[in-house]
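The values are calculated or read from the model by the stated rules, or taken from the named source; none is laboratory data. Just so it is clear, the model here is predicted, and its values are computed rather than measured. Every residue, glycine among them, receives a Cβ derived from its backbone with ideal geometry; neighbour counts consider all protein chains shown. In case anyone asks, the SASA skips ligands and DNA or RNA and just uses the protein heavy atoms, side chains included. Shrake-Rupley method; radii C 1.70, N 1.55, O 1.52, S 1.80 Å.
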Amino acid sequence: MTRPEVGLDGVRLWWALCLLLALPAAALGLQPVALAQAVAQWPALPQALVLRPELGWHQPAWTWWTSAWLHGSTPHLLRNLAALVLLAALGGLLRPRAQAAAAWCLAWPLTQLGMLLEPALSSYVGLSGVLHAGVVALALPAVLPPLRHPTGAEPSPGLHPKWLAWALLSGVALKILMENPWQHTLVASSASAINVAPWAHLSGAAAGALATGMLRGVGWCARPHR
């Protein structure tokens, strides 16, 4: 039996990762955390799961993942879940290879680690940084030259409309520039009913690019060299 040549395994992994992000977030989001309060006043479970940039490395490693599942309001959760549904749909359209899903998975904790560079934040919650990482991990491979398969045979391309990939990457870059994370630690968002942290979006996009580059480097080293 031969493997499908259009990245079906990658699409399934992409959708599985979407579910891994969405389901715990939806469950925990039934009781949003009170971002206006000190973390010490939160219920015990959110306290254990939240990333606290002000503490630097002195916090549990699992918060690099779990903090993404917490949200500060119902609109905050719903907007992020809607964006996650859109990313799942884009995965079905662009049909990423498994490497793109792996890059997004790697970018998840890297996004949170990038938040340690914003120590003015007492806490950080939400999916938005990881979502920005997902957009980059999905779109970037579509605009880069393909790597040869370790067997030496060039893998057949999936459905990768470069115009859509470039539009996604350009949109992320423009959004980050407009948010100006270098100047603003928090920005009020009436749509999400919270103050958002623009640095998270920059951190996510950078993590998505870094993870993609790292895995492409591994793939390049695995190629047969002549």
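Quick rundown of the values:
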| item | result |
| --- | --- |
| Charge dipole (debye, nearest 20) of the chain; +1 at Cβ of Lys and Arg, -1 at Cβ of Asp and Glu | 600 debye |
| Surface accessible to a 1.4 Å probe, per residue, for the residues of the chain, Å² | 51 Å² |
| Low-density loop positions, chymotrypsin sites (Phe, Trp or Tyr not before Pro), region 52-140 - DSSP coil, at most 10 other Cβ in 10 Å | TRP57 |
| Mean projected area in nm² (Cα convex hull; one quarter of hull surface) for the chain | 13.4 nm² |
| Accessible area (Å², 1.4 Å probe, nearest 10) - ILE176 | 10 Å² |
| With every protein chain in place, the chain: carbon and sulfur % of accessible area (1.4 Å) | 69 percent |
| Estimated dipole of region 1-126 in Debye, rounded to 20 [Cβ of Lys and Arg +1, of Asp and Glu -1, Cα centre] | 260 debye |
| For the chain, built as a Gaussian network whose Cα springs stay under 10 Å, the top-fluctuating residue of GLY213, GLY204, GLY91 | GLY213 |
